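*Asks:* Have a look at the structure that comes next, please.
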Amino acid sequence: LGLPRDYVAGQFAFWANGQRKAAAPDCMAHITGQFTVDDIRAVSTWLAAQPVPADAKPAPRIDLPLPLECGSGLR
């Protein structure tokens, strides 16, 4: 949220084509590798249009189980 649509679309494209990587298992590469160009456009447009709450701050940790194992350390 709060990032320009073109920036978000570019990051998705970098994940999808392997220019951006994370520690294994790289769940973002797996997910974005399944995106079509239209998917990237739609998701990045939607994310960029969402308002950022005035009191927004990063979560100190994520306690919810994620739908798949990711190498980011957030499990």
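A short reminder: the numbers here are calculations on the coordinates, not readings from a lab. Model, not experiment: these values are computed from the prediction. When we count neighbours, we look across all protein chains shown, and the Cβ atoms used for this are built from the backbone with ideal geometry, even at glycine.
*Asks:* What is the gain in length, in nm to one decimal, between I31 and A54 on full extension, counting 0.36 nm per residue of separation less the C-alpha to C-alpha distance?
*Replies:* Taking I31 through A54 to full extension adds about 5.3 nm, to one decimal.
*Asks:* Can you give the helix-only mean residue ellipticity at 222 nm for the chain, where every DSSP H stretch with n ≥ 4 adds -39500 (n - 2.57) and the sum goes over all residues, rounded to the nearest 500 deg cm²/dmol? If you can, show how the numbers build up before the last one.
*Replies:* Numbers: 3 runs with 31 residues, N = 75.
So the helix-based figure for the chain works out to -12500 deg cm²/dmol.
*Asks:* Another one. If you wrap a convex hull around the alpha carbons of the chain, what volume per residue comes out, as a whole number of Å³? Write out the running numbers ahead of the final one.
*Replies:* On the way: hull volume 7.7 nm³, N = 75.
Considering the Cα atoms of the chain, their hull volume per residue is 103 Å³.
*Asks:* What FRET efficiency comes out for the pair K21/D63, r = Cβ-Cβ distance, R0 = 22 Å, nearest 0.05?
*Replies:* That pair, K21 with D63, gives E of 0.25.
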